[in-house]
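Asker: One structure follows; several queries about it will come next.
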């Protein structure tokens, strides 16, 4: 039997890459993580493996590439079925996919609009972001995790984005926990898991990274 | 056991059409309900409170939203007939990637074509649109369908855009057949399937809608005037049309 070769092309600060990292850790899959230099020069392997978007993450399984983070997490779940990340019933799965899609469409852009804007625009961005977080809180309801009693697909899609929240707070001049205490309780719960704690970057480091991003975008 | 299936939809929505095609492929009986997108019904707002958009599939009272999620749901519930996604995880990942590409690239560029006034913006939109179609033509290769030998997930995701091709071509003054002949062959092949031909409206109806929108927005009807039907637009068509910008 041939040895399984799993490589993940990623970037430390990318919440999208960290989704894949966490999913592989949850499944106990051994893999080689390769850090891409997104600003200095993307590797030939990345450009060849993801010619359409030329972005990380890319999962290479026995040399075959899978791109787009939510797609990668689905692939990991289907290829290494235990423990399952998605619920067994079609309706539960559709609901999970819906919230994963919502998170993809709204959270990162919504949060980043905070550090990209100033003055009135900043207030609009903050208000918009808080609304998004409240909707997520609503999705979770009284459960411990988005998946219910156990950590699952939507939790993996959502939790890496939280390492950027401290940066949003600093630029937004607000304390998100005051507005979304349930979400913060969930975050802490997730961080108790080794797969999450070992993967997610220090929010202070992400904040420094965002400061540099702002300079690169010519903001301030 | 009662199996009640309702689809909240809008005739011209390429996203709604995906659900129609998937249901037809599986031979599922359902109730189609046309939504008044300018005056959204209580049921739609209750079933999709987050996005307030069609399509929404309601199965035994429980809503499923977002067209590609609906198609996957249909595939998983009615799994004994006409599988839409392949069984191999790698092939499934490829199918999901390309369906997502259609959403990210084709829809956006196409929309820019029929909503811009012209000039540089239009040329840029056309360039992006044609590029994305050429990429998809490359993915199709020499297979009859994106699903390979059988019609599948990516075919469903993309073929619904074909009803809009005439509108894009007319607004942009170009021919998709000239740019991507293999794609048009693929469209014709798909249209031979009843599940597709019965689910997609006449492209001229789409042109009517687009022409009306452009006239109202002072974008210029131009070539589209040839497709303006002489039938007085009733409220249904007007509202369907305004809603097209945000299905």
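Read-outs throughout are calculated quantities, based only on the coordinates presented, and are distinct from any laboratory measurement. Because the structure is predicted, anything quoted here is derived from the model rather than measured. Neighbour counts are summed over all protein chains in view; Cβ atoms, including those assigned to glycine, are modelled from backbone coordinates with ideal geometry.
Asker: Which value at 222 nm does the protein assembly as shown reach when only helices count, each DSSP H run of 4 or more adding -39,500 (n - 2.57), with the total divided by all residues and rounded to the nearest 500 deg cm²/dmol? Could the numbers behind the result be given before it?
Answerer: On the way: 24 runs with 255 residues, N = 467.
Mean residue ellipticity at 222 nm (helix-derived): -16500 deg cm²/dmol.
Asker: Relative contact order for segment A:1-123 using alpha-carbon pairs under 8 Å, separation at least 6, rounded to a whole percent? Working shown, then result.
Answerer: Values: 128 pairs, mean separation 28.6, N = 123.
Once divided by the residue count of segment A:1-123, the mean separation gives 23 percent.
Asker: Label segment A:82-220 by shape, choosing from rounded, prolate and oblate, from the square roots a ≥ b ≥ c of the eigenvalues of the Cα gyration tensor; if a/c is under 1.5 it is rounded, and otherwise prolate applies when a/b is larger than b/c, oblate when it is not.
Answerer: Details: a/c = 2.09, a/b = 1.71, b/c = 1.22.
Note, shape of segment A:82-220 comes out prolate.
Asker: What percent do you get for the relative contact order of chain A when only Cα pairs under 8 Å and 6+ apart count?
Answerer: Values: 266 pairs, mean separation 45.2, N = 220.
That works out to 21 percent.
Asker: A further question on this structure: Under 10 Å, Cα contacts only: if you run a Gaussian network model on chain A, which one of A:145, A:207, A:53 comes out with the highest mean-square fluctuation?
Answerer: A:53
Asker: So in chain A, what percent of DSSP beta bridges are antiparallel if you round to the nearest 5? Intermediate values should be presented prior to the final figure.
Answerer: Details: 9 of 13 bridges.
In chain A, DSSP labels about 70 percent of beta bridges as antiparallel.
Asker: Turning to a different aspect of this structure: If you project the alpha carbons of segment A:6-79 onto their three principal axes, what span does each projection cover, largest first, in Å?
Answerer: Over segment A:6-79, Cα extents along the principal axes are 32, 23, 19 Å.
Asker: Partner chain Cβ atoms within 10 Å, averaged over the residues of A:90-101 - can you pull that number for me? Spell out each step's value before the answer.
Answerer: Numbers: counts 10, 8, 0, 5, 14, 6, 1, 8, 10, 1, 1, 6.
Shielding by partners across A:90-101 averages 6.
Asker: So how do B:20-32, B:193-205 stack up, highest first, on mean other-Cβ count within 10 Å?
Answerer: On the way: B:20-32: 18.2, B:193-205: 16.2.
Result, highest mean Cβ count within 10 Å first: B:20-32, B:193-205.
Asker: To the nearest whole number, what is the average tally of beta carbon atoms from other chains within 10 Å of the beta carbons of peptide B:70-83? Walk me through the numbers on the way to the answer.
Answerer: Values: counts 3, 0, 5, 7, 2, 1, 5, 4, 1, 1, 0, 0, 0, 0.
Averaged over the peptide's residues, the number is 2.
Asker: Per residue, what volume in Å³ does the convex hull of the Cα atoms of segment B:5-77 enclose?
Answerer: On the way: hull volume 5.8 nm³, N = 73.
Considering the Cα atoms of segment B:5-77, their hull volume per residue is 79 Å³.
Asker: If you average over every viewing direction, what projected area does the convex hull of the Cα atoms of chain B give, in nm²? It would help to have the intermediate numbers written out before the result.
Answerer: On the way: hull surface 54.2 nm².
For the Cα atoms of chain B, the hull's average projected area reads 13.6 nm².
Asker: Along each principal axis of its Cα atoms, how long is the protein assembly as shown end to end? Whole angstroms, biggest number first, please.
Answerer: 65, 59, 50
Asker: Here's another thing I want to ask about it. What is the antiparallel percent of DSSP beta bridges lying wholly in segment B:5-77, to the nearest 5? Intermediate results must be reported in sequence, preceding the final value.
Answerer: Working: 8 of 12 bridges.
Rounded to the nearest five, the antiparallel share is 65 percent.
Asker: Pairs of alpha-carbon atoms within less than 8 angstrom and 6+ residues apart define the contacts here; what relative contact order does chain B have, in percent?
Answerer: Details: 321 pairs, mean separation 57.4, N = 247.
Reported relative contact order: 23 percent.
Asker: In cubic angstrom, how much convex hull volume per residue do the alpha carbon atoms of segment B:118-176 span? The partial results should precede the final answer.
Answerer: Details: hull volume 4.6 nm³, N = 59.
Dividing the Cα hull volume of segment B:118-176 by its residues yields 77 Å³.
Asker: Something else now. What residue among A:67, A:89, A:180 has the largest mean-square fluctuation in a Gaussian network model of chain A, using Cα springs under 10 Å?
Answerer: Ranking A:67, A:89, A:180 by mean-square fluctuation puts A:89 first.
Asker: Antiparallel as a % of all DSSP beta bridges within the protein assembly as shown, to the nearest 5?
Answerer: Numbers: 18 of 26 bridges.
Counting DSSP beta bridges with both partners in the protein assembly as shown, the antiparallel share is about 70 percent.
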